[in-house]
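J.: Before anything else, here's the structure in question.
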Number of protein chains: 2
Amino acid sequence: MSEAARRFPAPGSKAELEEGSALTPRFDATGLVTAVVTDAERGGLLMVAHMNAEALDLTIRTGIAHYWSRSRGSLWKKGETSGALQSVREIRVDCDQDAVWLKVSVAKPEDTCHTHRDTCFYRTVAMGPDGGRLTAG
Amino acid sequence: MSEAARRFPAPGSKAELEEGSALTPRFDATGLVTAVVTDAERGGLLMVAHMNAEALDLTIRTGIAHYWSRSRGSLWKKGETSGALQSVREIRVDCDQDAVWLKVSVAKPEDTCHTHRDTCFYRTVAMGPDGGRLTAG
């Protein structure tokens with residue numbers, strides 16, 4: 001039995017996925033769903049990460065955000081080293097159950113991003129026919 | 001020359017990716033970056049989608065959100081059929097340039113999700129030791 005199957009039921013029909021009351025995540029070929037993480041108080045986007053079945057299960061059960069680090073190939077309890085632990089206030093799932101939305105309170109906002117910023121999205125992309133340049137803030 | 005290379009410079013060093021002013025998206029093995037889409041006025045998360053180089057380039061140049069439909073295997077001008085076009089107010093990119101954040105105004109909010117809702121994230125996941133059940137709203 002796979003890790004995912006041990007922790008979550010297998011996805012059912014399209015109707016069950018979209019309208020059912022069972023969490024049956026559609027993990028991708030590498031066993032991951034996308035996690036979108038926003039600030040529970042201020043609402044802004046903090047980061048995008050990925051979760052395998054173990055990370056999602058631990059997050060639901062403990063209320064502390066866990067992810068799967070693709071670069072390290074290991075479970076990642078966010079903030080375990082830096083102190084920027086994320087307390088999860090709410091979890092939502094999307095229509096086809098391949099993405100989750102976490103609203104979190106961050107213990108140490110200045111270390112939310114590994115670049116020592118309070119969000120990973122600290123640059124704006126210029127728009128228009130000549131767009132594409134990045135500016136800070 | 002690949003589609004991505006024709007439209008965007010290749011990613012440089014870690015320092016250039018994180019601190020530079022050039023948009024050099026890190027498309028994954030299937031040629032996609034993750035797009036997180038929030039409501040420019042109300043702030044909530046609307047959907048998570050994916051973009052190939054063409055979709056990202058068109059979005060930057062036209063200000064109308066384009067994605068790559070993984071299920072259909074084709075470019076997807078969001079709302080072209082339903083009328084729920086997304087006018088992009090701001091685009092941000094994350095530290096390692098494999099995800100973008102679009103703040104959009106939606107022409108027809110009730111068709112943002114294909115299930116005829118104003119967000120794809122219409123269900124909450126119960127938390128705690130016995131968590132996992134989904135509830136509407």
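J.: Which residue is most open to solvent (accessible area, probe 1.4 Å), if the candidates are limited to the stretch B:74-86 and must be without any contact (Cβ under 8 Å) to a residue 40 or more places away in the chain and more than 21 Å from residue B:3 (Cβ to Cβ)?
T.: Among those that are without any contact (Cβ under 8 Å) to a residue 40 or more places away in the chain and more than 21 Å from residue B:3 (Cβ to Cβ), it is B:81.
J.: Check off (1) away from chain B (no Cβ under 12 Å); (2) part of a strand (DSSP E or B) for residue A:79 and give me the number that stays unchecked.
T.: For residue A:79, the failing item is (2).
J.: Looking only at residues that are polar (S, T, N, Q) and within 24 Å of residue A:30 (Cα to Cα) in the stretch B:14-34, which one is surrounded by the most Cβ atoms within 10 Å (Cβ to Cβ)?
T.: So the residue we want is B:34.
J.: Does residue B:103 satisfy the condition of being closer than 29 Å to residue A:23 by Cα, touching a Ser or Thr at 6+ places or on another chain (Cβ under 7 Å), open to solvent by 50 Å² or more (accessible area, probe 1.4 Å) and within 11 Å of chain A (Cβ to nearest Cβ)?
T.: So residue B:103 fits the description; yes.
J.: Taking the stretch A:107-134, which residues are in contact with a Lys or Arg (Cβ under 8 Å, 6 or more places away or on another chain), under 20 Å from residue B:15 (Cα atoms) and facing chain B (nearest Cβ under 7 Å)?
T.: Passing the criteria: A:121, A:123, A:124, A:125, A:134.
J.: Another question about this same structure. Has the stretch B:64-82 got any residue that is closer than 18 Å to residue A:37 by Cα and touching an Asp or Glu at 6+ places or on another chain (Cβ under 6 Å)?
T.: no
J.: Here are some conditions: (1) open to solvent by 30 Å² or more (accessible area, probe 1.4 Å); (2) within 28 Å of residue A:24 (Cβ to Cβ). Residue B:125 meets all but one. Which one does it not meet?
T.: Against the list (1) open to solvent by 30 Å² or more (accessible area, probe 1.4 Å); (2) within 28 Å of residue A:24 (Cβ to Cβ), residue B:125 comes up short only on (1).
J.: For the stretch A:1-13, which residues satisfy the criterion of being part of a helix (DSSP H, G or I) and open to solvent by less than 40 Å² (accessible area, probe 1.4 Å)?
T.: Once the filter is applied, which keeps residues that are part of a helix (DSSP H, G or I) and open to solvent by less than 40 Å² (accessible area, probe 1.4 Å), the stretch A:1-13 yields only A:4.
J.: Same structure again: For the stretch B:42-73, give me each residue that is surrounded by fewer than 16 Cβ atoms within 10 Å (Cβ to Cβ) and within 18 Å of residue A:46 (Cα to Cα).
T.: Once the filter is applied, which keeps residues that are surrounded by fewer than 16 Cβ atoms within 10 Å (Cβ to Cβ) and within 18 Å of residue A:46 (Cα to Cα), the stretch B:42-73 yields B:42, B:43, B:44.
J.: Also, I was wondering about something else. On the given criteria, is residue B:65 modelled with pLDDT of 95 or more and away from chain A (no Cβ under 11 Å)?
T.: Considered against the rule, which asks whether it is modelled with pLDDT of 95 or more and away from chain A (no Cβ under 11 Å), residue B:65 comes out as yes.
J.: In addition: Residues to consider are B:23, B:45; find the one that is touching a strand residue (DSSP E or B) at 6+ places or on another chain (Cβ under 6 Å), at the interface with chain A (Cβ under 9 Å from one of its Cβ atoms) and over 26 Å from residue A:102 (Cα atoms).
T.: After applying the criteria, what remains is B:23.
The values are calculated or read from the model by the stated rules, or taken from the named source; none is laboratory data. None of these values were measured; they are calculated from a predicted model. Here the Cβ is made from the backbone with ideal geometry for all residues, glycine too, and neighbour counts use every protein chain on show. Protein only, heavy atoms only, side chains kept; ligands, DNA and RNA dropped before computing areas. Shrake-Rupley method; radii C 1.70, N 1.55, O 1.52, S 1.80 Å.
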